[in-house]
Amino acid sequence: HTFDDLKKTIERLEGEGMKSLILDMRENPGGLLTSSVSVSDLFLKEGKIVSTKDRYGSGKTWEAKSEGLFSESNEKLPMVVLVNKNSASAAEIVAAALQDNHRAVVIGERSFGKGSVQKVIKLGGDPPTALKLTTDTYWRPSGVNMHRYPDAKDSDDWGVKPNSGFEIVMKDDERLDYLRSKRNKEIIRKDKPKEPEKPFVDRALVKAIEHLKAEMGK
């Protein structure tokens with residue numbers, strides 16, 4: 001329900017006078033290709049979203065449709081996408097599509113680099129069985145395959161890199177504090193924790209807010 005839930009949320013925010021948007025894709029391991037295309041199309045009026053290719057170079061390309069845009073009035077709404085090293089697959093498709101089409105600035109860490117496509121082939125039987133097979137690769141609008149192969153180097157072009165000047169890499173202890181803070185926000189507790197939550201400064205989020213304020217001030 002990713003697309004429907006996001007669209008409803010954006011419509012509500014728009015009704016409340018939204019002036020800019022931060023799409024947080026950190027720790028998002030991905031999902032369905034169809035969902036990533038639909039989510040990207042919410043923010044794009046035109047342009048490529050993603051392509052897939054098999055071992056022979058054949059595949060399919062998804063293009064943004066003007067009717068997919070969530071609001072004509074907010075076509076150029078200032079926007080940031082947050083990613084980190086655990087943003088993968090469908091999350092990378094969205095980030096790459098918005099970055100390559102110059103629709104959003106990407107802030108944070110270089111993403112995971114999962115540019116492979118799996119298909120589930122049902123085999124039947126009792127109990128039912130299936131085979132999950134890698135059949136294609138994802139290609140971002142710029143024509144680059146985002147997959148990080150086992151022998152890939154840091155200098156190779158894989159994953160989604162933050163825009164120039166917007167890379168914010170977390171240290172190990174900082175990442176632990178971030179994950180703890182994230183968990184505490186997502187869990188609804190019956191009782192208050194015995195100890196107050198350790199204050200956490202989300203540097204990527206702070207950078208995103210600073211950038212959007214500057215954009216809106218133009």
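Some notes on this structure:
- Only listed residue being in contact with a Lys or Arg (Cβ under 7 Å, 6 or more places away or on another chain), small (Gly, Ala, Ser) and within 24 Å of residue 36 (Cβ to Cβ), chosen from 143, 159: 159
- Condition met for residue 32 (farther than 23 Å from residue 110 by Cβ, modelled with pLDDT under 95 and surrounded by 14 or more Cβ atoms within 10 Å (Cβ to Cβ)): no
- Given (1) more than 22 Å from residue 2 (Cβ to Cβ); (2) open to solvent by less than 30 Å² (accessible area, probe 1.4 Å); (3) acidic (Asp, Glu), number of the condition residue 126 does not satisfy: (2)
- Any hit, segment 51-69, residues being out of contact with any Ser or Thr (no Cβ under 6 Å at 6 or more places or on another chain), among the hydrophobic types (A, V, I, L, M, F, W, C) and in contact (Cβ under 8 Å) with a residue 60 or more places away in the chain: no
- Scanning segment 83-98 for residues that are more than 8 Å from the chain's Cα centre (by Cα), crowded, with 22+ Cβ neighbours inside 10 Å and not hydrophobic (A, V, I, L, M, F, W, C) yields 84, 89.
- Given (1) within 19 Å of the chain's Cα centre (by Cα); (2) modelled with pLDDT under 95; (3) surrounded by 10 or more Cβ atoms within 10 Å (Cβ to Cβ), index of the condition residue 209 fails: (2)
- Residues of segment 131-151 satisfying the condition of being open to solvent by 60 Å² or more (accessible area, probe 1.4 Å) and outside any loop (DSSP other than H, G, I, E, B): 131, 132, 133, 134, 139
- Residue 51 touching a Gly at 6+ places or on another chain (Cβ under 7 Å), modelled with pLDDT of 90 or more and polar (S, T, N, Q): yes
- Subset of segment 37-50 that is without any contact (Cβ under 8 Å) to a residue 60 or more places away in the chain and out of contact with any Leu (no Cβ under 8 Å at 6 or more places or on another chain) - its residue that is farthest from residue 89 (Cα to Cα): 46
- From the list 67, 46, the one residue that fits, being modelled with pLDDT under 95, touching an Asp or Glu at 6+ places or on another chain (Cβ under 8 Å) and open to solvent by 60 Å² or more (accessible area, probe 1.4 Å), is 46.
- Looking only at segment 73-97, and only at residues there that are in contact with a strand residue (DSSP E or B) (Cβ under 7 Å, 6 or more places away or on another chain) and in a loop (DSSP other than H, G, I, E, B), the one that is farthest from residue 52 (Cα to Cα): 77
- If you go through segment 4-24 and keep only what is among the polar types (S, T, N, Q) and surrounded by 16 or more Cβ atoms within 10 Å (Cβ to Cβ), you end up with just 20.
- Residues being part of a helix (DSSP H, G or I) and either closer than 19 Å to residue 83 by Cβ or open to solvent by 60 Å² or more (accessible area, probe 1.4 Å) (or both) - total across segment 175-191: 11
The values are calculated or read from the model by the stated rules, or taken from the named source; none is laboratory data. No experiment lies behind these values; they were computed from the predicted model shown. Every residue, glycine among them, receives a Cβ derived from its backbone with ideal geometry; neighbour counts consider all protein chains shown. Note: areas computed on protein heavy atoms with side chains; ligands, DNA, RNA excluded. Shrake-Rupley method; radii C 1.70, N 1.55, O 1.52, S 1.80 Å.
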